[in-house]
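Participant: Here it is, the structure in full.
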């Protein structure tokens, strides 16, 4: 699986295995039983300005996805955070798919997706630095750079002027070597990050970085060779195009610095800092830095022109300028104020001051907004229901997904082989061990035969609860301090990873038996997580590289408490706005999630789940009975009934209020069925329901009490004998003589006796 672990220093270290023109340090020595070895990475030099502009080249084919054209507001912590986790990390783990051969000196080709990952990584750094990030890779320079990379790998050394007697020498490869940043020991996106760090004692000028950030450049070329047997990986990045002497385009700040002003992920901040300005004279410039009001010691490097724009380089805090590792994780955001003075621009001394804020992009800041969903939690199957997403600042689009949760999560051992996991191991390596196990017949066995990390990723995503725990049994045997057993989780489908467990080696034989482990994941309640087990190696440190019994990390009996596995998931991408419809296909329990996207569709992390219960719509029927008439109305609307039986469908859980309104000379006598009484009928519908409304005819109700009874007959007799109220004498008139008389009294008596 792709992605980074937290704190991610291993990725930066891996990116910097860019070896010097020296075969002695080009590859680790072969392992021997019981001995730990050390790999020593280093970096060569950058190419100088060419004597003339290269010819213009057509860019490679148009892409379906955006790998260039990025713009980022570096003053927004959350936007830079998402830019790193979504765009930078999207370049990690792309398969190279090399089609060539060292044996036949065939430079071959790499997969388009791998080249896209290189282009994305270059444009990420250019956007962060505030220079035009629309750079593309050209087909012709890609091909020549591929020849150059093969030459570096085949000869296990670097040279900008390779001699014709080199293995796999070609004129095209030699041309590319003189116009490229060259790396050995790594390739692709990680080599680009290595160039930005420009570590090594011979890279005071940070020339590789300056070429990557050169504002005028519009096209480059990439050549990449994977490691194969005794041949190391190699990379060539063609950095000169026909615009090299062209007019300088606008940049965000006028100058170009790394790290740039604003928020910068700490893992991308190298020991060497730089500040570039076209044509500037830095020979007498000075640099000072402060943090939290305290002065930071600064060591200036000798100014060297000839690599991109004129640049001053310095190392703060007494760090080792040759180090392959970034600034330490600051924990809380840490601001460094940089001040340059006596920078001569057109002969005029000029000063610059800016703030660089180092931060951990895997720690949300105060400006973080989670894409929380709102909408009904009880719905009817088969009926679309709209849900709203809390808008995420910086998001230009949204994704949503639905799924079901399967509980309990089946335990994962190694008895079923790789059926439930995805592994990252060398070709031919058997990760299943049958000689050492906690239970059953097998366990997973991770080692470092090639100094590269080995990873097991569980295939499902898992919904965490308030008491979730990851449980497993493990045994860390022979392992050096630079080797560590790590568990990581991801809530963005493996784009970025957070470390939740770590056990480093001791340099000795380690554990002889399995130990039960329990990792608390309750902090991720109501969020989906991917989980992986990684055996990490820190580049440059000692390592036990054997694969024999007792060496490395064994894992068995993986299980979860208070968690469920996501199944039957459906993803809806490219929502234009923060709302979407969901239709449950059948009755049951569902979960919904949303996430923001930016820069043309790069996804951010998923928000918390919204749990949904779907059932068939409930049918409510209402029947009107009795001698009278009236109307029954529902709120929400659906029923408006004046006679007979009326029906309407309502979503499960809907609260329906039925009101009975009698007609003139009628009275509502009450409900029967699902409701009783004479007030409003209030129903919470979880299933079909039926009610009856009884209306009665009250013609002859002389006393106005809503009922026809003996009191009305007595009142009629009083009116006949002239002892009743004069106001009632004309109240009830059946025969049209304008008064309540004998006809009316007889009618009342007949009604009471049941004759009418």
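Participant: Only Cα pairs under 8 Å and at least 6 apart count here; give the relative contact order of segment 77-359 as a rounded whole percent.
Facilitator: Value for segment 77-359: 17 percent.
Participant: Sticking with this one: Under the Kirkwood approximation for Rh and a Cα-based Rg, what ratio Rg/Rh is obtained for segment 77-359?
Facilitator: Using Cα coordinates only, the ratio equals 0.98.
Participant: Rounded if a/c is under 1.5, else prolate if a/b is larger than b/c, else oblate: which is segment 298-382, with a ≥ b ≥ c the root eigenvalues of its Cα gyration tensor?
Facilitator: Because a/c hits 1.5 or more and a/b exceeds b/c, segment 298-382 counts as prolate.
Participant: Would you please give the FRET efficiency between residue 416 and residue 467, computed as 1/(1 + (r/R0)^6) with r the Cβ-Cβ distance and R0 = 35 Å, to the nearest 0.05? It would help to have the intermediate numbers written out before the result.
Facilitator: On the way: r = 27 Å, r/R0 = 0.78.
It comes to 0.80.
Participant: While we're on this one: Could you please tell me the mean projected area of the C-alpha convex hull for segment 369-615, averaged over all directions and given in square nanometres to one decimal?
Facilitator: 14.5 nm²
Participant: Oh, and also: Find how much the distance from residue 341 to residue 386 grows on full extension, using 0.36 nm per residue of separation minus their present alpha carbon separation; answer in nm with one decimal.
Facilitator: Result: 10.4 nm gained on full extension.
Participant: If you look at just the Cα atoms of segment 345-418, how large are its Rg and its Dmax in Å?
Facilitator: Final numbers for Rg and Dmax: 24.5, 75 Å.
Participant: Another question, if that's okay. Please report the relative contact order for segment 369-615, taking Cα pairs under 8 Å with a sequence separation of at least 6, and give it as a percent rounded to a whole number.
Facilitator: It comes to 36 percent, rounded to a whole number.
Participant: Place the peptides 692-699, 552-559, 580-587, 177-184 in order of packing, highest mean first, counting for every residue the other Cβ atoms within 10 Å and averaging per peptide.
Facilitator: Top to bottom by mean Cβ count within 10 Å: 177-184, 552-559, 692-699, 580-587.
Participant: Grab the alpha carbons of segment 505-569, take their convex hull, and tell me the volume per residue in Å³.
Facilitator: Working: hull volume 10.9 nm³, N = 65.
Each residue corresponds to 167 Å³ of Cα convex hull volume.
Participant: Continuing with this model, one more query. Largest first and to the nearest Å, give the Cα extent of segment 463-557 along each principal axis.
Facilitator: 40, 29, 17
Participant: Sort 78-88, 681-691 by the packing proxy (mean of other Cβ within 10 Å over each peptide's residues), most packed first.
Facilitator: Top of the packing list down: 78-88, 681-691.
Participant: Whole number please: convex hull volume per residue, Cα atoms of segment 618-697, in Å³.
Facilitator: 66 Å³
Participant: With the alpha-carbon atoms as the only input, what is the per residue convex hull volume for segment 119-253 in Å³?
Facilitator: 107 Å³
Participant: Continuing with this model, one more query. What nm value, rounded to one decimal, do you get for the distance between residue 579 and residue 230 when each label is placed 7 Å out toward the C-beta?
Facilitator: 6.8 nm
Participant: To continue, here is another question. For segment 428-500, what is one quarter of the convex hull surface built on the Cα atoms, given in nm²?
Facilitator: For segment 428-500, the mean projected area of the Cα convex hull comes to 6.8 nm².
Participant: Peptides 525-537, 492-504: what's the order by average Cβ count within 10 Å, highest mean first?
Facilitator: Averaged packing, sorted descending, gives the order 525-537, 492-504.
All of the numbers you see were taken from the coordinates with simple rules; none came from a lab. All values reported here derive from a predicted model rather than from experimental measurement. Don't worry about glycine lacking a Cβ; one is built from the backbone with ideal geometry, like all the others, and counts go over all protein chains shown.
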